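Data first, discussion second: the structure below is written as structure tokens.
The values are calculated or read from the model by the stated rules, or taken from the named source; none is laboratory data. All values reported here derive from a predicted model rather than from experimental measurement. Neighbour counts run over all protein chains shown; Cβ positions are idealised from the backbone, glycine included.
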Amino acid sequence: MTRSFALDFLAPSALLAAAALAASSAAGASPNDPRGVWLRPEGRVQFSFYDCESGKLCAKIVAAQNAEDQSAIGAVILRGAKQTGPNEWAGKLFNVEDGKSYDGFITVTSPTRLTLKGCLWGVLCSDETWTRVPTPAAHAMVDVDLR
């Protein structure tokens, strides 16, 4: 019989401590660090933010739940974003749906939330809030099977 270690054996306070540790390790070195994988709620598409071009920030599509979005996996949607503040970056966003680039602004609002804003001519803007995808190590820490 397979048992969940976290659910069967850990005291509630230990489970909360494990969850807090997992959340802090998922956030990277700084709570305002955008590097990592983020989930766009619409279409359940995942994006990886990573270092590129001599310390700048880039992002690409790494997973998609819907079949129609899966053809975009691997597309780079952010290139060469420069840090403009303690938790803000600015660069060019590529929209895979219309093939156009827009002025893009990324703001990490919490260790688990990121706001991405795209603007046309600096006036017409639209934004979305994405959530950080927990690292596999965080899941393994809470969901250990014992035999």
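Restricting attention to region 71-80, does a residue exist that is buried (at least 18 other Cβ atoms within 10 Å of the Cβ) and under 12 Å from PRO34 (Cβ atoms)?
Yes - at least one qualifying residue is present in region 71-80.
Checking the conditions here, which among THR115, THR109 is exposed (fewer than 14 other Cβ atoms within 10 Å of the Cβ), at pLDDT 90 or above and closer than 17 Å to ARG132 by Cβ?
It is THR109.
Might you check whether a residue that is at pLDDT 90 or above, over 18 Å from THR129 (Cα atoms) and of a type in the set (Lys, Arg) occurs anywhere in region 75-87?
yes
If a residue must be farther than 18 Å from THR135 by Cα and part of a helix (DSSP H, G or I), how many such residues does region 39-70 contain?
Result for region 39-70: 6.
Given the residues LEU124, LEU146, LEU120, LEU93, which is the only one that is modelled with pLDDT of 90 or more and aliphatic (A, V, I, L, M)?
LEU93
Just one of (1) more than 15 Å from the chain's Cα centre (by Cα); (2) at pLDDT 70 or above; (3) of a type in the set (Phe, Trp, Tyr) trips up PHE49, so point out which.
Unmet condition: (1).
Residue by residue, here is whether (1) in contact with a Leu (Cβ under 9 Å, 6 or more places away or on another chain); (2) part of a loop (DSSP other than H, G, I, E, B) holds:
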residue	(1), (2)
ALA72	no, yes
ILE77	yes, no
LYS82	yes, no
GLY91	yes, no
PHE94	yes, no
GLY104	yes, no
THR109	no, no
GLY122	no, yes
CYS125	no, no
